Amino acid sequence: MILPIYLYGADVLRNENVEADLNDKEDILQLIENMKDTLKVADGCGLAAPQVGVNKRIVIVDGRELSDTYDYLQDFLR
């Protein structure tokens, strides 16, 4: 699911973030999948959970878009 991306200055970005509860594995995995979908549509290389309105300390990075310049990023998705 594509999530809305909040831009600099949005109130949700001012909230304190909490660590992701690893006991909620299903919820975290679903959030990460949604963030991947959102990142792909946004044509970006990184996205943090607060940018999509979730105040948890989760970030994803996709270096594959830069693999033309940096070949070692060809399979980099974290």
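The values are calculated or read from the model by the stated rules, or taken from the named source; none is laboratory data. Being a predicted model, the structure only gives us computed values, none of them experimental. Reconstructed Cβ throughout: ideal geometry from the backbone, glycine too, with neighbour counts over all protein chains shown. Protein only, heavy atoms only, side chains kept; ligands, DNA and RNA dropped before computing areas. Shrake-Rupley method; radii C 1.70, N 1.55, O 1.52, S 1.80 Å.
Ignoring ligands, DNA and RNA, please state the percent of accessible area on the chain from carbon and sulfur, probe 1.4 Å.
Working: 2970 of 5920 Å².
In the chain, the share of accessible area belonging to carbon and sulfur is 50 percent.
For the pair VAL59/ASN34, report the inter-label distance in nm, with labels modelled 7 Å from Cα in the Cβ direction.
2.1
If you average over every viewing direction, what projected area does the convex hull of the Cα atoms of the chain give, in nm²?
Its Cα hull, projected and averaged over all orientations, spans 5.7 nm².
Please work out the average accessible area per residue across segment 3-78, using the 1.4 Å probe convention, and give it in Å².
75
Any chance you could tell me what percent of the C-alpha pair distances in segment 1-42 go past 14 Å?
61
Going through segment 2-56, which GluC sites (Glu not before Pro) have at most 13 other Cβ atoms within 10 Å and a DSSP loop state?
In loop regions of segment 2-56 (DSSP not H, G, I, E or B), the sparsely surrounded GluC sites (Glu not before Pro) are GLU16, GLU19.
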